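Every number in this text was worked out from the coordinates using simple rules, so none of it is lab data. What you see is a predicted model; the values in this text were computed from it and never measured. Positions of Cβ are generated from backbone atoms using ideal geometry, with glycine treated the same way; all protein chains shown enter the neighbour counts.
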Amino acid sequence: MPIRTASARWQGNLTEGSGTIRTGKGGLEGNYSFKSRFEEGEGTNPEELIGAAHAGCFSMAFSKALADAGTTPTSVETTAKVHLDKTDAGMTVTRIELDTVGEVPGIDQAQFAKLAETAKQNCPISRLLSPGAEITLTTHLTT
């Protein structure tokens, strides 16, 4: 399997500095700053990138689980809300809320939710993050 890379460059001090985050192949690039991370400033931040990675990984894992169960999805769209909180140990990602909407013909809500939970457990990014962060899942089935 290939090894994936990303890079970041930061200039200046923590509160007044700024930087750029970039994926290895250049598919994503964004500016980040103290304000974009800890306030509501323009740009991205590491937690958004974790959320994007988690949402992407989960959507792929869920699509595979659905197809393996004989119900290939028309689409799966997932949003990840990453909570960065101050704890006794310092700033910590404490929780990630996954919210997924699937357009999947021929499946009921119970089976949809069961397969989504299995995908959450088996997604490599969920496995990476779950020892330190609570991961919740909400599912919505459309037909």
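A count restricted to the range 11-30 and to residues that are without any contact (Cβ under 8 Å) to a residue 12 or more places away in the chain and within 26 Å of CYS57 (Cβ to Cβ) stands at 4.
Right, GLU47: free of Cβ contacts under 8 Å to residues at least 12 places away in the same chain and within 19 Å of ALA80 (Cα to Cα) or not? For GLU47, the condition - free of Cβ contacts under 8 Å to residues at least 12 places away in the same chain and within 19 Å of ALA80 (Cα to Cα) - is not met.
Filter the range 95-129 for residues that are part of a helix (DSSP H, G or I) and of a type in the set (Gly, Ala, Ser) and give the result.
Hits for the range 95-129 are ALA110, ALA113, ALA116, ALA119, SER126.
The residues of the range 64-89 that are surrounded by fewer than 18 Cβ atoms within 10 Å (Cβ to Cβ) and assigned to a helix (DSSP H, G or I), listed by number, are LYS64, ALA67, ASP68.
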